[in-house]
Amino acid sequence: KGKHWHIIYPDVSKARKAGRLQNFDLLPSDLIEGALDGSIDKISVDPANSNRIYLGLSPLKSYIGSSGKSGDSNAAMLVLSTNYGKSWDLIAKLPGRNVKAIFPGSLNGRSGEVTVFTGSACVRINEKTGAITELPLPVNRVIAVEGGTCESETMIYLISPFKLSKGKITGGVRSE
């Protein structure tokens, strides 16, 4: 209930001893065994099963400077824990760089699948195989995505940039 917190990702008990932490060459995987080289963009807990936690990771960005070393991918990643964060598995590398939303399959009756929005794509992922099915988006770029369920229906809302093209406004908030 918020009185006690502990880190569940990455597993800091697997931290390696580092000579200097202020080093441009150290990646999360260099410091902690099993850590993925990405920044956490999004977290989602399966509403039907709270021991299932999803993390959406974006590729690492260097804010101070860089030696040219970067993470293992330029793509976003989806990671899943099925045991309250004790262990994590990479489910898929995603099209796009930033994870905007994660919708577990239990929200729409598609158990074993998860729908993920990035800044430029929407995909449905088979959690067992990692197979990705790209779903159409109404716009090329997504700023934010939220959604929820009411009775047996899932509603998704997304925000896209406003544009004026041929006297017509495109963008804004859309629903599906």
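The values are calculated or read from the model by the stated rules, or taken from the named source; none is laboratory data. Model, not experiment: these values are computed from the prediction. Note that each Cβ is placed from the backbone with ideal geometry, even for glycine, and that neighbours are counted across all protein chains shown. In case anyone asks, the SASA skips ligands and DNA or RNA and just uses the protein heavy atoms, side chains included. Shrake-Rupley method; radii C 1.70, N 1.55, O 1.52, S 1.80 Å.
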Yes/no for Lys163 being surrounded by 10 or more Cβ atoms within 10 Å (Cβ to Cβ), of a type outside the set (A, V, I, L, M, F, W, C) and over 29 Å from Ala48 (Cα atoms): yes
Kindly list, by first and then second residue, each pair from a residue in region 154-165 that is touching a residue at least 40 places away in the same chain (Cβ under 8 Å) to a residue that is open to solvent by 60 Å² or more (accessible area, probe 1.4 Å) and among the basic types (Lys, Arg), limited to pairs with Cβ atoms under 6 Å and residues at least 6 apart or on different chains. Leu158/Arg174
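Does at least one position in region 93-108 carry a residue that is in a strand (DSSP E or B), open to solvent by less than 70 Å² (accessible area, probe 1.4 Å), small (Gly, Ala, Ser) and at pLDDT 90 or above? Break it down into steps so the answer makes sense when it comes.
Restricting attention to region 93-108, the residues satisfying the condition of being in a strand (DSSP E or B) are 93-94, 99-104.
Cutting the leftovers down to open to solvent by less than 70 Å² (accessible area, probe 1.4 Å) gives us 94, 99-104.
Retained after the next criterion (residues that are small (Gly, Ala, Ser)): 101.
Adding the requirement that they be at pLDDT 90 or above leaves 101.
Checking region 93-108: at least one residue is in a strand (DSSP E or B), open to solvent by less than 70 Å² (accessible area, probe 1.4 Å), small (Gly, Ala, Ser) and at pLDDT 90 or above.
Could you say whether any residue in region 156-176 is in contact with a strand residue (DSSP E or B) (Cβ under 7 Å, 6 or more places away or on another chain), among the acidic types (Asp, Glu) and at pLDDT 90 or above? Talk me through it step by step, then tell me what you get.
As a first pass, look at region 156-176 and keep what is in contact with a strand residue (DSSP E or B) (Cβ under 7 Å, 6 or more places away or on another chain): 156-163, 169-176.
Still in the running and among the acidic types (Asp, Glu): 176.
So of that shortlist, the ones also at pLDDT 90 or above come out as none.
Among the residues of region 156-176, not one is in contact with a strand residue (DSSP E or B) (Cβ under 7 Å, 6 or more places away or on another chain), among the acidic types (Asp, Glu) and at pLDDT 90 or above, which makes the answer no.
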